[in-house]
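Data first, discussion second: the structure below is written as structure tokens.
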Amino acid sequence: MNRREFINKTSALAAASSIIPSIVLSNKQPANKVRLGFIGVGLRGQNHIEQALYRDDVEINAICDIDQKSIDATLAIFKEKGRKVPAIYKNGERDFENMVKRDDLDGIVISTPWEWHVPMAIVSMKAGKYTAVEVSATVKLQESWDLVDTFEKTGSHCMILENVCYRRDVMAVLNMVRQNMFGDLLHTQCGYQHDLREVKFNDGKKAYGGGVEFGKNAYSEARWRTQHSVDRNGDLYPTHGLGPVAEMLNINRGNQFLYLTSIATKSMGLHNYIVKNGGENHPNAKVNFKCGDIVTTNIKCANGETIMISHDTNVPRPYSLGFRVQGTNGLWMNDGNHIYLEGISKKPHTWDDFKEYQEKYDHPLWKKHAQNAENAGHGGIDFFVLRAFIESIKNKVAPPIDVYDAAAWSAISPLSEESIAKGSAPIQIPDFTRGKWKTNKPIFALGDDY
Ligand SMILES: NC(=O)c1ccc[n+]([C@@H]2O[C@H](COP(=O)([O-])OP(=O)(O)OC[C@H]3O[C@@H](n4cnc5c(N)ncnc54)[C@H](O)[C@@H]3O)[C@@H](O)[C@H]2O)c1
């Protein structure tokens, strides 16, 4: 069943129960143009704007930020592309409330610091806008419920912009999982393993950050992200790894996260980096970082599978999301990019190179749109994730990664903090679908559509 057939069928089913909001049931013709507004036009917001401006079916009518440098850099993108200058909202931290009231906006893209995601998404959904929110969607557990409750009350959709779900190798593996090539899935591994100690920037007048500084002396993410490592001990950024494997495991749609346990190492990486690069007398050398350098979380799923997530951002290491997807018939590992499938691999007990499988099992979405993804960041995935949001608005349907995904994937962060604080105690993971996971069917990347 392709996505459109699926949505038509679920729409018919839902008509009587009114569980699916009216927006999903709309039979209107697809809109020709999608009118977007952006809250937060720092580095990530600018990436999205650049992507959106490649499309002739998108009009950007408003942007909002509290930082003049971010606004100036964004306006330079409009100028370079010869596009109409948007209305600017820069009048304080809550000016976004004014922007979302505009009636010339169909969708809002939120790329602000994590703690702003939910307050902004809720105001945007209440204003009746399709809402896209960057990762992680939520910081506190209650915020995940707030997102779900707002969707269920307003019918306004909220998509988490988890771009890694669209990674080409990940999607080929998803395709293979759906063809049962791994057998029954048993175990997946994933994580965010990215040395983030050095966030450096030089605007021609001054060098910012360099990893030693954070808060107001720093640049971009270091202005707000590092503070989370001071205040919190848990997996601060679970969704890049978890989103893709949750799609493979049909979480919220036939399967569910049940409980987790998390464990953290001691914290040394950020302090050592500051001493090495800023000196023992640098004021930040006195800061106590709460977040363990490596946080490991294990999740048990309702259908019996386990997921291991690693958060590892404060010590030297090459980048890797560390995927491993393992079933009763074999496994794929992203480190080394190899695969072993019993009865299919060339030799018993011996890895095959995944490259040989990539082309054969390339996902239909990638096959159809690879050329258009060429200009996009992170190897093309940024094109796909924004496209999915835009196409959902155009066709007036639910996005393929929805509010329940945003809630469940992001909730792993506060729940991992709770587990660590309780000596790695098992913590129940709420069912944000309130039981609907038992009958919900998969919606992500069912064909070559979204
Ligand atoms: N999916 C990905 O690959 C990816 C990559 C990078 C960042 N991100 C996510 O994107 C988000 C933004 O990250 P970034 O790197 O662009 O950070 P950034 O600090 O460069 O940008 C954030 C922007 O939000 C603005 N802002 C803060 N409070 C605001 C408010 N109340 N109203 C309006 N604007 C406000 C800031 O002034 C800044 O310009 C984060 O959630 C981050 O995790 C995702």
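In terms of the mean number of neighbouring beta-carbon atoms within 10 Å, the peptides 331-342, 398-409 order highest first as 398-409, 331-342. The stretch 106-148 and the stretch 82-100 have Cα centres separated by 17 Å.
With charges set only on the Cβ (+1 for Lys and Arg, -1 for Asp and Glu), what does the dipole of the chain come to about its Cα centre, in debye to the nearest 20?
Dipole of the chain, to the nearest 20 debye: 480 debye.
Of all the options GLY211, GLY380, GLY435, the one that moves most in a Gaussian network model of the chain with Cα springs shorter than 10 angstrom is GLY435. The calculated 222 nm mean residue ellipticity attributable to helices in the chain amounts to -10500 deg cm²/dmol, summing -39500 (n - 2.57) over DSSP H runs of n ≥ 4 and dividing by all residues.
By the compact-protein rule of thumb, 2.2 N^0.38 Å, the alpha-carbon radius of gyration of the chain corresponds to a ratio of 0.97. One Cα centroid belongs to the stretch 354-379, the other to the stretch 30-49; the line between them spans 24 Å. Separation of the stretch 276-311 and the stretch 391-450, taken as the distance between their Cα centroids, equals 22 angstrom. Electrostatic tally near ALA246: other residues with Cβ closer than 10 Å to its Cβ, Lys and Arg +1, Asp and Glu -1, net -2. Within the shell of other residues whose beta carbon sits under 13 angstrom from the beta carbon of LYS355, the net charge comes to -4, with Lys and Arg scored +1 and Asp and Glu -1. Taking amide H as placed 1.01 Å from N in the peptide plane, the amide H of GLY191 sits under 5 Å from that of GLY241, SER310, each at least 5 places away or on another chain.
Among the trypsin sites (Lys or Arg not before Pro) in the stretch 53-158, which ones are in a DSSP loop with at most 16 other Cβ atoms within 10 Å of the Cβ? Mind listing them?
ARG55, LYS81, ARG83, LYS84, LYS90, ARG94, LYS101, ARG102, LYS140
This ranking places LEU236, LEU43 by how few other beta-carbon atoms lie within 10 Å of each, fewest first, which gives LEU43, LEU236. Coupling constants for the stretch 83-97 follow from the phi torsions by the Karplus curve (6.51 cos²θ - 1.76 cosθ + 1.60, θ = phi - 60°), and in residue order they are 9, 4, 5, x, 5, 10, 10, 9, 9, x, 5, 10, 5, 4, 4 Hz; glycine and proline get x. By the count of neighbouring beta-carbon atoms within 10 Å, fewest first, ILE299, ILE77, ILE122 end up ordered ILE77, ILE122, ILE299. Along the stretch 62-75 the Karplus relation, 6.51 cos²θ - 1.76 cosθ + 1.60 evaluated at θ = phi - 60°, assigns HN-Hα couplings of 7, 10, 9, 7, 9, 10, 4, 4, 5, 5, 4, 5, 5, 5 Hz to successive residues, with x for each Gly and Pro.
Each peptide in 269-276, 169-176 was scored by the mean count of other Cβ atoms within 10 Å over its residues; highest first, the order is 169-176, 269-276.
With θ taken as phi - 60° and the Karplus curve 6.51 cos²θ - 1.76 cosθ + 1.60 applied, the whole-hertz 3J(HN,Hα) list for the stretch 324-337 is 9, 10, 10, x, 5, 10, x, 8, 10, 10, 6, 6, x, 6 Hz, x standing for glycine and proline. Highest mean packing first, where packing is the average number of other Cβ atoms within 10 Å per residue, the peptides 291-297, 261-267 line up as 291-297, 261-267.
Quick note: the coordinates plus some simple rules give every number you see, no bench work behind them. Since the model is a prediction, treat every value here as computed from it, not as a measurement. Quick reminder, even Gly has a Cβ in these numbers, built from the backbone with ideal geometry, and neighbours come from all protein chains shown.
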